[in-house]
1. Based on the Kirkwood radius over alpha-carbon pairs, what is the Stokes-Einstein translational diffusion coefficient of the range 42-175 at 25 °C with 0.890 mPa s viscosity, in µm²/s?
2. Quote to one decimal, in nm, the extra length available between Lys144 and Asp117 on full extension: 0.36 nm per residue of separation minus the C-alpha distance between them.
3. In Å², what does the accessible area per residue of the range 86-166 work out to with a 1.4 Å probe?
4. Please report, in cubic angstrom per residue, the volume enclosed by the convex hull of the alpha-carbon atoms of the range 112-173.
5. Return the subset of Lys74/Lys94; Lys74/Lys112; Lys74/Lys125; Lys63/Lys94; Lys63/Lys144 for which the Cα-Cα distance in this structure is over 21 Å, preserving the input order.
6. Using a 1.4 Å probe and counting only protein heavy atoms, arrange Ser77, Ser102 so the residue with the most accessible area comes first.
Amino acid sequence: AGGGCKQRGSCKRGGGCGNGGHASADSCRLHNDVACTWCALAATTTSGTVVTGCGANRGGDSKGVRATLINIDKIHSTKGGAFAAFSSFNGVTKVVTWGNSSAGGVVPTAVKGFLSDVSRISSTKTAFAARTQGGKVVTWGDSKNGGDSSAVADFLSSGVIAVLSNDHAFLAFKQ
């Protein structure tokens, strides 16, 4: 995810924490996971928290969800300005989203109930897909880029073993 970061203005991958002064110098030691939108970045720290920076209106401001961004293993992003942080800690899975709501930054109520046992998240330009341990896939975000999977909901209800994506669509593989 981090390899595709565009460096715009002073927003550079690996730069200062850019978290509005809310991160200690110790927590700014970044872990291996960095995700970028077209103008913001998010990274896990060695302590399992997340720091964000640049492009506040495109996912760079995580203040609204900061309290839930603990014990985070993986961060995913859409180019359109949203992030989804994923963790599996002591057998409990959580997905936290923030950023541009039209790019997947807000999970619809109908989808939230299916995010309790997520094993993998994929993204397009402006949507996310989450695959559960049981092989169910749910999507959210911009319907033009894969965020509405209601037409194939029966197919995605079980047995999906992998989800691939490009900028505009998801492809699900079943057993």
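The values are calculated or read from the model by the stated rules, or taken from the named source; none is laboratory data. This one's a predicted model, so the numbers in the text were calculated from it and none came from an experiment. SASA here: full protein model, heavy atoms, side chains in, ligands and nucleic acids out. Shrake-Rupley method; radii C 1.70, N 1.55, O 1.52, S 1.80 Å.
1. Values: Rh = 14.6 Å.
Answer, rounded: 168 µm²/s.
2. Net length gain for the segment: 7.1 nm.
3. Details: 3900 Å² over 81 residues.
Using a 1.4 Å probe on heavy atoms only, each residue of the range 86-166 averages 48 Å².
4. Working: hull volume 4.2 nm³, N = 62.
It is 68 Å³ per residue.
5. Values: Lys74/Lys94 11 Å; Lys74/Lys112 18 Å; Lys74/Lys125 18 Å; Lys63/Lys94 18 Å; Lys63/Lys144 28 Å.
As for pairs spanning more than 21 Å Cα to Cα, those are Lys63/Lys144.
6. From most exposed to least exposed: Ser102, Ser77.
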